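Asks: First the structure, then my questions, so here it is.
The values are calculated or read from the model by the stated rules, or taken from the named source; none is laboratory data. Bear in mind that the values here come from a model prediction, so they are computed numbers and not experimental data. When we count neighbours, we look across all protein chains shown, and the Cβ atoms used for this are built from the backbone with ideal geometry, even at glycine.
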2 protein chains.
Amino acid sequence: MVRLRAHNISMSVDGYMAGPSQSPDDPLGVGGERLHEWVVATRTFRAVHGGGEGGTTGVDDAFAARAEENIGATIMGRNMFGPIRGPWPDDEWTGWWGPNPPFHHDVFVLTHHARTPVTMDGGTTFHFVTDGIESALAQATAAAGGKDVRLGGGAATIRAYLHAGLLDELDLTIVPILLGGGERVFDGAGPAGYECVEFTASPAVAHVRFARAATGTP
Amino acid sequence: MVRLRAHNISMSVDGYMAGPSQSPDDPLGVGGERLHEWVVATRTFRAVHGGGEGGTTGVDDAFAARAEENIGATIMGRNMFGPIRGPWPDDEWTGWWGPNPPFHHDVFVLTHHARTPVTMDGGTTFHFVTDGIESALAQATAAAGGKDVRLGGGAATIRAYLHAGLLDELDLTIVPILLGGGERVFDGAGPAGYECVEFTASPAVAHVRFARAATGTP
């Protein structure tokens, strides 16, 4: 079974996974970068994002590394792909990650505006999915070659898959800061049927893994 | 300086300090009792609430114990005092805690409905404050005899003091569960000027202590 997994979803104590006043210059919102200091410091993050040798090991790195294990495709919301809203003005924007993005597999971007796929260096192709989260999951599953599918952000995308009961695993990282506003991971009626299956903490953050309870399919 | 401190404020990962559908039979809402399992298990809780010897020690007990240190008065919201809403029908309801409540000092209950003070066994007197949170704080400060004032719940009371900038210290405990609804600790615009000054975790929960940043008063 291919599983849909979200990893390293960093949330402030007041529930935000991005700060207030997001903008092209401040894509994570005011204070939002503090959410990711723990992962940026890890050995895994440096290796994946071209930061060279070094970086922390230990529990934070172990969680960062899991995000890379057995992943064959990625789904993300459009706001994680870039700051452009509305119809695509041209094909210039190809994501935040430069010519060789750190995915190296097919990435499915949820959007209301069609666009032809963009093939990048290093094996990453961005596909633009306009017919909803189930379709994106089906396409990503087919592309994953038997591996799992990773769900990126942002908050609206995580919420959509959580509430549809389509997310199998959510690795949430709680960062001991208050952002005071922004995009909430949990908003309105909560997702049903998820249980904590792992809880641990580093000196910097707490890691909580939620898994969808078995649904009793025959 | 007398400080206003909130301790053992237990919150689910999705941000609730009580579950949905609170009622007289289910004062913490559906699933809300799971928020307090960590503290009920501690040696301090058992000692304070007449649970006898035993109980856990370690980081959870250390946080539970701090809630009892140097406290001379307590403020709480009416919903923490009891399930009655609207005007008091009579003087029968004297709180959830029996004839000898575990406070042993003056307790100030925020309410819109006046009532004469109720003196209980063991040194606890419940006072009913109808003229707002600043008045309750002034009265509690006067009653505390130089010690600090503890702020109990519920969520609305915590939020009111946080947003007014009157809370000096908030010991928040994050419990790795999802409640899916209920009363939020952080709602709407966030409180400004609070910083994490301590972060630690037990195998069961994470403890985050927020303190009001120094305001630079001369």
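Asks: What are the pairs with Cβ atoms under 7 angstrom where one residue, in segment B:37-52, is among the small types (Gly, Ala, Ser) and the other, located anywhere, is part of a loop (DSSP other than H, G, I, E, B)? Sequence gap at least six, or different chains.
Replies: Taking only residues 6 or more apart or on different chains, the pairs are B:Ala41/B:Gly55.
Asks: Which strands (runs of 3 or more DSSP E) sit wholly inside segment B:1-105 and have at least 1 residues that are aromatic (Phe, Trp, Tyr), within 14 Å of chain A (Cβ to nearest Cβ) and within 27 Å of B:Pro203 (Cβ to Cβ)?
Replies: B:16-18
Asks: Step by step: first the residues of segment B:134-189, then only those that are under 14 Å from the mean Cα position of the chain (by Cα) and part of a loop (DSSP other than H, G, I, E, B), then the one that is nearest to the other protein chains (Cβ to nearest Cβ). Which residue is that?
Replies: B:Val185
Asks: Among the residues of segment B:164-190, which ones are free of Cβ contacts under 8 Å to residues at least 60 places away in the same chain, over 22 Å from A:Gly188 (Cβ atoms) and not hydrophobic (A, V, I, L, M, F, W, C)?
Replies: Correct list: B:Gly165 only.
Asks: If you check A:Ala201, A:Ala211, which single one turns out to be surrounded by 13 or more Cβ atoms within 10 Å (Cβ to Cβ), within 13 Å of another protein chain (Cβ to nearest Cβ) and either among the hydroxyl-bearing types (Ser, Thr, Tyr) or in contact (Cβ under 8 Å) with a residue 60 or more places away in the chain (or both)?
Replies: Just one listed residue meets the conditions, A:Ala201.
Asks: Filter segment A:117-133 down to the residues that are more than 18 Å from the chain's Cα centre (by Cα) and not in a helix (DSSP H, G or I) and list them by number.
Replies: Listed by number, the residues that qualify are A:Pro117, A:Val118, A:Thr119, A:Met120, A:Thr130, A:Asp131.
Asks: B:Phe108: of a type in the set (A, V, I, L, M, F, W, C), more than 30 Å from A:Arg159 (Cβ to Cβ) and under 16 Å from the mean Cα position of the chain (by Cα), yes or no?
Replies: Judged against the criteria, B:Phe108 is a match.
Asks: Now, a different point. When segment B:63-104 is examined, which residues are found to be within 18 Å of B:Gly145 (Cβ to Cβ) and among the charged types (D, E, K, R)?
Replies: Residues satisfying the conditions are B:Glu68, B:Glu69.
Asks: Same structure again: Given B:Gly72, B:Gly15, which one is under 26 Å from A:Gly193 (Cα atoms) and modelled with pLDDT of 90 or more?
Replies: B:Gly15
To keep it simple, each residue is scored yes or no on (1) surrounded by fewer than 16 Cβ atoms within 10 Å (Cβ to Cβ); (2) β-branched (Val, Ile, Thr); (3) within 30 Å of A:Leu179 (Cβ to Cβ).
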residue: B:Pro89; (1), (2), (3): yes, no, no
residue: B:Pro102; (1), (2), (3): yes, no, no
residue: B:Thr111; (1), (2), (3): no, yes, no
residue: B:Leu151; (1), (2), (3): no, no, yes
residue: B:Thr157; (1), (2), (3): no, yes, yes
residue: B:Thr173; (1), (2), (3): no, yes, yes
residue: B:Gly180; (1), (2), (3): no, no, yes
